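Novice: Got a structure for you, written out below as structure tokens; questions coming shortly.
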Amino acid sequence: MMTPLPRRLSTRTKAALAVERLASEASRRLGKGSGEMIGGKLALQVSPHALEEVGSGRPVACVSATNGKTTTTRLLARALGTLGPVKSNSGGANMAPGVLAALARPPYDAAAALEVDEIWLPKVARQVRPRVVALLNISRDQLDRSNETRRIAAIWRELGAELGDCTVVANVDDPLVTWAAATWSKQVWVSVGQNWTADAMVCPQCARLLHRNESGWWSECGLARPEPIVAVTGPGEIMWFGHTIRASIGLPGRVNLGNAAMAAAAAREFGVPVEDALAAMADLGDVQGRYQDVLLGSAGTRARMLLAKNPAGWVEMMELINSAPPRSLIVDFNSQTADGRDPSWIWDVPFERLAGRPVLVTGDRKEDMSVRLAYAGVRHTVHPSAEEAADAAGDARLDVVANYTAFRDLLVRTTPAPRPPAEPAAPAPGGAW
């Protein structure tokens, strides 16, 4: 798995990496953040080819998507870690500066699991020359920055034609991903499902309406859902290259089992057996605070943190929270720069699915969310902060669904809740993995 770098680092790049270390350390000491972005930006100004020098010649996997790329990258890093050291930027700094920061420390021949922003994927991949790229999904996100989903699919498609022997692990249930992956030299087709289909109503190839049924999708031009060789087939169950295996990971919900299947399929291309990959994912309880329980409000309410930043993400979170008995839900909603300034996408979210549970709304754009919920017929109350909402709920446990900056800010203001006592393990269903 470990391969030597094809050339030594240039003097300019060595200087750039020294600058990156100083800048990132200063940022952390001053409490300005992790320093990944500022360190990487300064390093690339010193040596524009630094990313290519530290990235090429090592085993690299890139993960890109609108939703799920942070979680999938963390799962993939766990799987690759069964073979040796792994570099990863799974903290979310997923543009070129953040990728460079992840690769800026020795050993320079360590494998890398890299989360990459959808628009930045071509620029990063052309420099690091990944062995594998995992493409999960494409949907609307940050409407003032990347609202055209077909454009993203098109640049991914062009990239595949350039990367030579790179393998793409692609979600067959997303027509945009399938079309983008068709030009790559080798495809590993994976079925993880697609609850949100409104951003893939027309064929990306011929622009006619797509046809859908329970077994897949197809277009009159001939573009159709490929037959997967890996698929999530049920709770805790994956079809893996012709046989069924049991899979139990530390993260909840069907969506995360799908992320695990994508990560395991990518890790297989590096020689990681699926049994080892899934075992490495088994005790991952949260990812950058996602799915973590925190203590919220004056009474220390136990609140599970969930992230939803666009319609597709909201639909997935609704499936997760509706799979358990109803409990109070806090919706924390902002529209700052990192969220996208245009919040109009909330009118596409089927909030009607929240009816019947106590809903409490907060955040910078709580009034917008309140109006949307009122039109959806969801009874709710509005509160100045998530802490006050938790106190008003008066429950011992509740869920919080927040978009990006609301989620980030709430994590800073809270402390993790103690882990509950371990419950006795239930007998495993039949089937080996």
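Novice: Which of the residues belonging to the range 94-121 are assigned to a loop (DSSP other than H, G, I, E, B), open to solvent by 10 Å² or more (accessible area, probe 1.4 Å) and more than 24 Å from E162 (Cβ to Cβ)?
Specialist: Matches in the range 94-121: R105, P106, P107, Y108, D109.
Novice: Shifting gears a bit: Looking only at the range 13-51, count how many residues are surrounded by fewer than 18 Cβ atoms within 10 Å (Cβ to Cβ), part of a loop (DSSP other than H, G, I, E, B) and polar (S, T, N, Q).
Specialist: The number of residues fulfilling the criteria is 1.
Novice: Moving on to the next point. Would you say T72 is under 15 Å from A265 (Cβ atoms), touching a residue at least 60 places away in the same chain (Cβ under 8 Å) and either within 16 Å of the chain's Cα centre (by Cα) or not in a loop (DSSP other than H, G, I, E, B) (or both)?
Specialist: Working: under 15 Å from A265 (Cβ atoms): yes; touching a residue at least 60 places away in the same chain (Cβ under 8 Å): yes; either within 16 Å of the chain's Cα centre (by Cα) or not in a loop (DSSP other than H, G, I, E, B) (or both): yes.
Yes, satisfied.
Novice: Touching a helix residue (DSSP H, G or I) at 6+ places or on another chain (Cβ under 8 Å) and either polar (S, T, N, Q) or on the phi < 0 side of the Ramachandran plot (or both): which single residue out of M317, M305 fits that description? Even if it seems obvious, please write down each step before you answer.
Specialist: Numbers: M317 fails: touching a helix residue (DSSP H, G or I) at 6+ places or on another chain (Cβ under 8 Å).
On inspection, the qualifying residue turns out to be M305.
Novice: If you check E319, E367, E352, which single one turns out to be without any contact (Cβ under 8 Å) to a residue 24 or more places away in the chain and surrounded by fewer than 21 Cβ atoms within 10 Å (Cβ to Cβ)?
Specialist: After ruling out the rest, the residue left standing is E367.
Novice: Give the number of residues within the range 23-64 that are among the hydrophobic types (A, V, I, L, M, F, W, C) and at positive phi.
Specialist: Our first condition is that a residue be among the hydrophobic types (A, V, I, L, M, F, W, C); within the range 23-64, this holds for 23, 26, 30, 37-38, 42-44, 46, 50-51, 54, 60-63.
Remaining after also requiring at positive phi: none.
Qualifying residue count for the region: 0.
Novice: Same structure, new question: For the range 310-336, which positions are farther than 14 Å from V255 by Cβ and aromatic (F, W, Y)?
Specialist: F333
Novice: Is there a residue in the range 267-276 that is open to solvent by less than 40 Å² (accessible area, probe 1.4 Å), among the aliphatic types (A, V, I, L, M) and assigned to a strand (DSSP E or B)?
Specialist: No, the range 267-276 has no match at all.
Novice: So, in the range 75-91, of the ones that are assigned to a loop (DSSP other than H, G, I, E, B) and out of contact with any Lys or Arg (no Cβ under 9 Å at 6 or more places or on another chain), which residue ends up least open to solvent (accessible area, probe 1.4 Å)? Explain how you work it out, then say what you get.
Specialist: Residues of the range 75-91 that are assigned to a loop (DSSP other than H, G, I, E, B), as a first pass: 81-85, 89-91.
With out of contact with any Lys or Arg (no Cβ under 9 Å at 6 or more places or on another chain) added as a condition, the list becomes 81-85, 89, 91.
On the way: G81: 40, T82: 65, L83: 76, G84: 23, P85: 75, N89: 1, G91: 42 Å².
Only one residue fits best here, namely N89.
Novice: Please determine whether any residue of the range 298-306 is in contact with a Phe, Trp or Tyr (Cβ under 8 Å, 6 or more places away or on another chain), open to solvent by 10 Å² or more (accessible area, probe 1.4 Å) and either under 26 Å from T405 (Cα atoms) or not in a helix (DSSP H, G or I) (or both).
Specialist: For the range 298-306, residues in contact with a Phe, Trp or Tyr (Cβ under 8 Å, 6 or more places away or on another chain), open to solvent by 10 Å² or more (accessible area, probe 1.4 Å) and either under 26 Å from T405 (Cα atoms) or not in a helix (DSSP H, G or I) (or both): present.
Novice: I would also like to ask the following. Only one of (1) without any contact (Cβ under 8 Å) to a residue 60 or more places away in the chain; (2) in a loop (DSSP other than H, G, I, E, B); (3) of a type in the set (A, V, I, L, M) fails for A200. Which number is that?
Specialist: (1)
Novice: Ok, one more. Among the residues of the range 203-232, write down those that are touching a residue at least 24 places away in the same chain (Cβ under 8 Å), among the hydrophobic types (A, V, I, L, M, F, W, C) and under 15 Å from T178 (Cβ atoms).
Specialist: The answer is C203, L210, W217, L223, I229, V230, A231.
Each row is one residue, and each column tells you yes or no for (1) at positive phi; (2) basic (K, R); (3) out of contact with any strand residue (DSSP E or B) (no Cβ under 9 Å at 6 or more places or on another chain); (4) surrounded by 15 or more Cβ atoms within 10 Å (Cβ to Cβ).
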site: S185; (1), (2), (3), (4): no, no, no, no
site: S191; (1), (2), (3), (4): no, no, no, yes
site: N195; (1), (2), (3), (4): no, no, yes, no
site: M201; (1), (2), (3), (4): no, no, no, no
site: N213; (1), (2), (3), (4): no, no, yes, no
site: G216; (1), (2), (3), (4): yes, no, no, yes
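Novice: Still on this structure: Looking at the range 322-348, which of the residues that are part of a helix (DSSP H, G or I) and farther than 14 Å from G363 by Cβ is most open to solvent (accessible area, probe 1.4 Å)? Quick ask: steps written out before the conclusion?
Specialist: Restricting attention to the range 322-348, the residues satisfying the condition of being part of a helix (DSSP H, G or I) are 337-339, 344-348.
Those still in the list that are farther than 14 Å from G363 by Cβ too: 337, 344-345, 347-348.
Numbers: T337: 99, S344: 58, W345: 15, W347: 122, D348: 68 Å².
The qualifying residue most open to solvent (accessible area, probe 1.4 Å) is W347.
Novice: Determine, yes or no, whether M317 is at pLDDT 95 or above and assigned to a strand (DSSP E or B).
Specialist: no
Novice: Given the criteria in a loop (DSSP other than H, G, I, E, B) and within 25 Å of P252 (Cβ to Cβ), does A389 qualify?
Specialist: Judged against the criteria, A389 is not a match.
Novice: Restricting to the range 160-211, count the residues that are among the polar types (S, T, N, Q) and touching a helix residue (DSSP H, G or I) at 6+ places or on another chain (Cβ under 7 Å). Let's see the steps before the verdict.
Specialist: First, pick out the residues of the range 160-211 that are among the polar types (S, T, N, Q): 167, 171, 178, 183, 185, 187, 191, 194-195, 197, 205.
Filter once more, so that each one left must be touching a helix residue (DSSP H, G or I) at 6+ places or on another chain (Cβ under 7 Å): 171, 183, 187, 195, 205.
Looking only at that region, the number is 5.
Novice: Would you pick out the residues in the range 52-70 that are open to solvent by less than 10 Å² (accessible area, probe 1.4 Å) and hydroxyl-bearing (S, T, Y)?
Specialist: Of everything in the range 52-70, those that are open to solvent by less than 10 Å² (accessible area, probe 1.4 Å) and hydroxyl-bearing (S, T, Y) turn out to be S64, T66.
Novice: If you don't mind, there's one more thing I want to ask. Let me spell it out: the conditions are (1) at pLDDT below 95; (2) surrounded by fewer than 21 Cβ atoms within 10 Å (Cβ to Cβ), and I249 meets all of them except one. Which number is the exception?
Specialist: (2)
The values are calculated or read from the model by the stated rules, or taken from the named source; none is laboratory data. Computed from a predicted structure; not experimentally measured. When we count neighbours, we look across all protein chains shown, and the Cβ atoms used for this are built from the backbone with ideal geometry, even at glycine. Keep in mind that these areas ignore ligands, DNA and RNA; they rest on the heavy atoms of the full protein, side chains included. Shrake-Rupley method; radii C 1.70, N 1.55, O 1.52, S 1.80 Å.
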